[in-house]
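Accompanying notes for the structure given below.
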Amino acid sequence: MRLGAAALIFFLLGGGGAGASPADNAVACPKKIATVSQNKLSLRAQKIVEHVYHELGCPIEVVAFPGRRGIVSFNNRTVDGELYRLPTAEGLYERSFVKSDPLFMLSGYLWRRPGGVEKEPRIAYVLGFYWQEDFVKTRTAVAFQNFDAVIKAYEQGEVEAFLASDFLVRRILDEKKISVLPLRQERLEAGAFYHYLGEEYQEFMRRFSDYLDRHHPFADLEAELNGTQREEKDGLM
């Protein structure tokens, strides 16, 4: 009996928790989050978020959807959250949510074909990217499902301009997916992106934000996105 009591005390004090993950202290782990499909920035951010989740002891499944379907999937509880969104999307959430501290800042731009004479060019944008949808509300614009389709339309002369971050344009230049170098015509206001989860994961989100504050896992990506670690290329001034 004496040995049994000692073993019980050892277990209650935590001695039996060998191999336990940091998330085992009664913190609910999200299981599945949504991201935007066919988007290079989403893929970069996904790897960072997956690493943070792993460090917090909560392996996560990331499911890619076209722009708006991630929000629909969050609203109908198919997923527990979204990888990232701008705060402008919050009004579309139909369930209570919590959000992280800012992941990173990003500036968007209006890019135009050199030598264009149109005063109001036709602009291509990605459906479901709300900073882009807000910009084109009073402009002539054509919606596409993903950025590759935007660039194809630009290459084929269907549009004279498009919306994108500096990061994405540099990627397509490096991959030689574009032949007519675009000119940055207008810088849109920089915005902070946040990670979103259902409110039932409030404690996990607190730990997620604490990790961001202590380790700054998005610092290198943000520097790349906003040009502090790159050289200028012709046509991008």
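The values are calculated or read from the model by the stated rules, or taken from the named source; none is laboratory data. This structure is a prediction, so every number in the text was calculated from the model and none was measured. Cβ coordinates were reconstructed from backbone atoms using ideal geometry, including for glycine residues, and neighbour counts include every protein chain displayed.
Do we have any residue at all in segment 52-60 that's among the hydrophobic types (A, V, I, L, M, F, W, C), closer than 24 Å to VAL169 by Cβ and either in contact with a Pro (Cβ under 6 Å, 6 or more places away or on another chain) or surrounded by 19 or more Cβ atoms within 10 Å (Cβ to Cβ) (or both)?
No: segment 52-60 contains no residue that is among the hydrophobic types (A, V, I, L, M, F, W, C), closer than 24 Å to VAL169 by Cβ and either in contact with a Pro (Cβ under 6 Å, 6 or more places away or on another chain) or surrounded by 19 or more Cβ atoms within 10 Å (Cβ to Cβ) (or both).
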Fill in the blank from the handout: When segment 66-100 is checked residue by residue, the ones that are part of a strand (DSSP E or B) and at pLDDT 95 or above are GLY81, GLU82, LEU83, PHE97, VAL98, LYS99
Exercise for the section: Scan segment 33-65 for residues that are assigned to a strand (DSSP E or B) and closer than 22 Å to TYR130 by Cβ and jot them down. Expected result: ILE33, ALA34, THR35, VAL36, VAL62, VAL63, ALA64, PHE65
Handout entry: Residues within segment 73-106 that are within 17 Å of the chain's Cα centre (by Cα) and more than 22 Å from SER209 (Cα to Cα), tallied
Key = 2
